[in-house]
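Undergrad: Pasting in a structure now, in structure tokens, and then I'll have a few things to ask.
The values are calculated or read from the model by the stated rules, or taken from the named source; none is laboratory data. Remember, predicted model here, so these are calculated numbers, not experimental data. Please note: Cβ atoms are built from the backbone with ideal geometry, for glycine as well, and neighbour counts cover all protein chains shown. Only protein heavy atoms, including side chains, enter the accessible area calculation; ligands, DNA and RNA are left aside. Shrake-Rupley method; radii C 1.70, N 1.55, O 1.52, S 1.80 Å.
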Amino acid sequence: MSLAEWNTTPSGGRAPVSVLDRIFAILDAVKESDGSITITDIAARTALPKSTVSRLVTELAGQRYLERTEEGVALGLRLFELGARASLPRRLVAAAAPVLRNLRDVTGERVGLWVQQGTDMVSIAAVAGRLPMLPTRAGMRSPALTTASGKAYLAFCADPAVVDRISAPLVADDAEHFREELAHVRDAAVALDIEASYPGILAVASPVLSGDRVVIGAISVAGPSGAMDPERASPLVRAAGSTVTRRLAAA
């Protein structure tokens, strides 16, 4: 094949324009092959020059989005890892839903299910309690550094870079005290937030772990600090976290 033929765009369709469009077109072509596919076939399906396909496939394989096979190219492990992470919130909410409702019924307080994102904890499910000023919408963000859910997550987080990034605003003694608090949370499997994040609000949280014991989120109960008893709430929240962990492992 000549260099001109190698770089000729097939006339059977309109070629994607942007680099991102080209990458998605290549991934779609590999996905639709239900196995392995050759560079030539990808070029035919995407209307891209074979030289472009070859270059982008090499880059995608280097990042594990694709992998080379004897027959050509197949989807790589990184895509499957991302797919598993994308389905996690749905599986987590499904496993936690009855546990959240039961915990709200027992305590009468707002119950939330949280996952870590950046320096925040993001609510992916919640059940309203007696305090109307506490929102229950999914997508609500709270700082991981001060909230009970954030501390419950960080205490069991195996990635020190995540803990370092979130605790970066702390200096000297505050940073040391925070690390000590996380150690206590690991021992008790319960974290407290006494009006640090929101005036007048007390929150208690416990981690939720995956089947291989990796922390993936936290369950919290929040209510008025003058009326909510953390000693009573702590074992209830800890039991809820353990129940969701077991339900996820059995799913």
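Undergrad: Taking Glu180 and the conditions (1) assigned to a helix (DSSP H, G or I); (2) in contact (Cβ under 8 Å) with a residue 12 or more places away in the chain; (3) surrounded by fewer than 15 Cβ atoms within 10 Å (Cβ to Cβ), which numbered condition does it fall short on, given that it satisfies the others?
TA: Status for Glu180: all satisfied but (2).
Undergrad: Related question: State whether one or more residues within the stretch 123-134 are over 19 Å from Arg238 (Cα atoms) and of a type in the set (Ser, Thr, Tyr).
TA: no
Undergrad: Further, regarding this structure: Need the failing condition index for Gly129 against (1) of a type in the set (Gly, Ala, Ser); (2) modelled with pLDDT of 90 or more; (3) in contact with a helix residue (DSSP H, G or I) (Cβ under 8 Å, 6 or more places away or on another chain); (4) surrounded by 13 or more Cβ atoms within 10 Å (Cβ to Cβ), just the number.
TA: Of the numbered conditions (1) of a type in the set (Gly, Ala, Ser); (2) modelled with pLDDT of 90 or more; (3) in contact with a helix residue (DSSP H, G or I) (Cβ under 8 Å, 6 or more places away or on another chain); (4) surrounded by 13 or more Cβ atoms within 10 Å (Cβ to Cβ), the odd one out for Gly129 is (2).
Undergrad: Quick check on this structure: which one of Ala189, Ala218 is within 20 Å of Ala126 (Cα to Cα), in contact (Cβ under 8 Å) with a residue 12 or more places away in the chain and open to solvent by less than 30 Å² (accessible area, probe 1.4 Å)?
TA: Ala218
Undergrad: Take Leu154 and decide whether it is modelled with pLDDT of 95 or more, assigned to a helix (DSSP H, G or I) and of a type in the set (A, V, I, L, M, F, W, C).
TA: For Leu154, the condition - modelled with pLDDT of 95 or more, assigned to a helix (DSSP H, G or I) and of a type in the set (A, V, I, L, M, F, W, C) - is met.
Undergrad: Could you please let me know if Val221 is touching a strand residue (DSSP E or B) at 6+ places or on another chain (Cβ under 8 Å), in a helix (DSSP H, G or I) and either of a type in the set (Lys, Arg) or at pLDDT 95 or above (or both)?
TA: no
Undergrad: Can you name the residue in the stretch 229-251 that is charged (D, E, K, R) and either within 18 Å of Leu113 (Cβ to Cβ) or open to solvent by less than 60 Å² (accessible area, probe 1.4 Å) (or both) and, of all such residues, is modelled with the highest pLDDT?
TA: The extreme case among them is Arg238.
Undergrad: Just need a number here: residues in the stretch 157-177 that are in contact (Cβ under 8 Å) with a residue 40 or more places away in the chain and either surrounded by 14 or more Cβ atoms within 10 Å (Cβ to Cβ) or assigned to a helix (DSSP H, G or I) (or both).
TA: 4
Undergrad: With the stretch 10-115 as the region, which helices (runs of 4 or more DSSP H) entirely inside it contain at least 2 residues that are exposed (fewer than 14 other Cβ atoms within 10 Å of the Cβ) and at pLDDT below 90?
TA: 19-32, 77-107
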